[in-house]
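The values are calculated or read from the model by the stated rules, or taken from the named source; none is laboratory data. No experiment lies behind these values; they were computed from the predicted model shown. Glycine gets a Cβ as well: all are built from the backbone with ideal geometry, and neighbour counts include every protein chain shown.
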Amino acid sequence: MDNSKTIETVNNIFTEYLKENRYRRTPERYAILNAIYSINGNFEICDLLQMLEKEKFRVSRATVYNTITLLINANLVIHHQFGSTSKYERCYGSEKGHMICTKCGKVTEINNINIKETITANIKKFHLTHYSLYLYGICNKCHQAMKRRKTRMNKNKGQ
């Protein structure tokens, strides 16, 4: 699905969500939604605020947080907690995973994984809207550093 079609679809989903829950349909909310769907990957609130400011769209931090909450409830945005860092990501039409290094905290996205069939094959009476996969381990850079440290320690023991 191309990005303009995706943005049109998520705008329609958001409109329905706002109508059903009797929230106002404001230009600020749609500007935030459209900005989020123009970002590839994870983002922090400060990134989103800077992006909106660059586009000369002034919006308060409170409005951004309130709108993010609405978008999470509408299943259009997902909240990630990577260690002490809060990140957000669009989730409509996106199925991906994340590899998180437990040493340095580096987060790497895994795209084009299709495990939805595996997940849903064993689930009855549940309608999956989206998923997020987290893999925890040690990135190659940290692993190599650990190996070098271990080698040095072994050499020092032998002396």
- Would the stretch 73-82 turn up any residue that is more than 30 Å from Asn140 (Cα to Cα) and either free of Cβ contacts under 8 Å to residues at least 40 places away in the same chain or loosely packed, with under 13 Cβ neighbours inside 10 Å (or both)? yes
- Query: Among the residues of the stretch 95-105, is there at least one that is in the same structural domain as Leu128 (by TED's automatic domain parsing) and of a type in the set (Val, Ile, Thr)?
  - Reply: yes
- Message: Looking at Val107, Val10 in this structure, which one is surrounded by 12 or more Cβ atoms within 10 Å (Cβ to Cβ), closer than 30 Å to Cys142 by Cα, among the β-branched types (Val, Ile, Thr) and touching a residue at least 60 places away in the same chain (Cβ under 8 Å)?
- Response: Val107
- Query: Yes or no: Ile72 within 21 Å of Asn34 (Cα to Cα) and either at pLDDT below 80 or in the same structural domain as Glu44 (by TED's automatic domain parsing) (or both)?
  - Reply: yes
- Taking into account only those residues within the stretch 112-159 that are in a strand (DSSP E or B) and at pLDDT below 80, which is nearest to Cys101 (Cα to Cα)? Leu135
